[in-house]
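To start, the structure under review is shown below, and the notes come after it.
Only the coordinates and a few stated rules stand behind these numbers; no lab work does. Quick caveat, the model's predicted, so the values are computed rather than measured. All Cβ positions, even for glycine, are placed from backbone atoms using ideal geometry, and neighbour counts span all protein chains on display.
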Amino acid sequence: MTDRSTRLSAANGAPRSVHPRPAKGNWLIYGANGFTGGMIARRAAKEGLAPTLAGRNSVALQTLASELGLEWRAFDLSDSQTIRRALADCRLVLHCAGPFNQTCKPVCDAAIQSRCHYLDITGEMSVFEYLRTQSDAAARAGVMLLPGVGFDVVPTDCLAGRLKREMPDAVRLELAFVGPNKAASGSVKTALHQLPYGSQVRENGQVKTIPHFSRKRTIHVAGVDYIVYSIPWGDIVTAFHSTAIPNIMVYTGFPKAQELALKWSLPLARVLRNKTAMKVAESVVKLIVPAPSADYFAHARCQIWGEVRNATGRDISASIETPDTYSLTVSTAVLCAKRVLEGSIKPGFQTPSLVFGPEFIFEVGGTVKVDYFGE
């Protein structure tokens, strides 16, 4: 759709449109030329939505936009005025370009200034924490900040909300997810940025850094016992916001070979704090990490487990089964965007369960409820 496309001039950053832009009738997917962003764009188009596709790679964007019959805008995130102009006619931006600890701030800041709702698919704790600090500014602008609208953190956040409802006096929440562990290069790059800084938990309301692999437990899900390790997952921030439970830990399981590789690499992890070393590592990841296969999407399933405990020691646990992480992210991200466009909005920093309710995850096809267990 070259004759209808909107592009931002690389020379001066000024937008050029063949047709006038409508007033706040648009929405935009930034990072639409990436692996997950492309899947989200295709699902949105299939469901009759018409997002504008955006990102840095004009060739890839034009190709995808032509395939889907959508408009596109090519711009990077180096200039705040350029981003604001790109969002000027948008009701919401769905941000899909990581690592989000590098890309979140310019998009969020421009969204608030443009009075455009901000959604993303991050799982990075630092991003959730930054967005929480912007809650008041967003609320004053009438803007909602809703990060984590994918596998990170929709299923875990909804399960946390359900468990809190079952035990209002809970003082401890533990969450875990297990299943096929297949990541595209973008997700691996995001993990690299977290690796040098240890794992994190919440204790007595405060975030605490702990060594990787320093805490583990065994969980029983769908008739199988899994050994899982604590990880710095987004729910350390979001579940606290959703439930006010002061002690939160999130775990996941690793295939044995991956567990050993990670443990052996930890002594070298600090090197990744160097920007040059990180760039080299990202380049290697891009070369050697393949995209998930069609067979993976056809058969992979994930188990989400959660447990709450109160001060007397009483506990309740529950679990749900979902599609694979990428398919779930596509489904929930598009569904969240659709709901926001329909008017499901709470200004300021929010979580999926607070905006859409803890039953929201069960609107996703292929998600299976599992009963509660407890004393």
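One table, with the values for the structure above:
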item: Peptide ranges 44-57, 216-229, 107-120 listed from the most packed, as the mean C-beta count within 10 angstrom indicates; result: 107-120, 44-57, 216-229
item: Extension reserve of the residue 217-residue 59 stretch, reckoned as 0.36 nm per residue once the Cα distance is removed; result: 52.1 nm
item: FRET efficiency for residue 43 and residue 101, using Cβ-Cβ distance with R0 set to 30 Å, rounded to 0.05; result: 0.70
item: Highest-first arrangement of 121-134, 153-166, 199-212, 338-351, where packing means the average Cβ count within 10 Å; result: 153-166, 121-134, 338-351, 199-212
item: Under-5 Å amide H pairs with residue 120, H placed in peptide plane, nonlocal only; result: 95, 146, 148, 149
item: Estimated distance in nm for a label pair at residue 207 and residue 301, the labels positioned 7 Å out from Cα along Cα-to-Cβ; result: 3.4 nm
item: Alpha-carbon centroids, region 107-121 and region 128-154: separation in whole Å; result: 9 Å
item: In order through region 347-359: 3J(HN,Hα) via Karplus (6.51 cos²θ - 1.76 cosθ + 1.60), integer Hz, x for Gly, Pro; result: x, x, 5, 9, 10, x, 5, 6, 7, 10, x, x, 7
item: Filter on 164/369; 208/369; 164/216; 338/369; 346/369 - keep pairs with C-alpha separation over 25 Å; result: 208/369; 346/369
item: Inter-site label distance for residue 310 and residue 224 at 7 Å from Cα along Cβ, in nm; result: 3.4 nm
item: Estimated FRET transfer efficiency (residue 115, residue 76; beta-carbon r; R0 25 Å; 0.05); result: 0.65
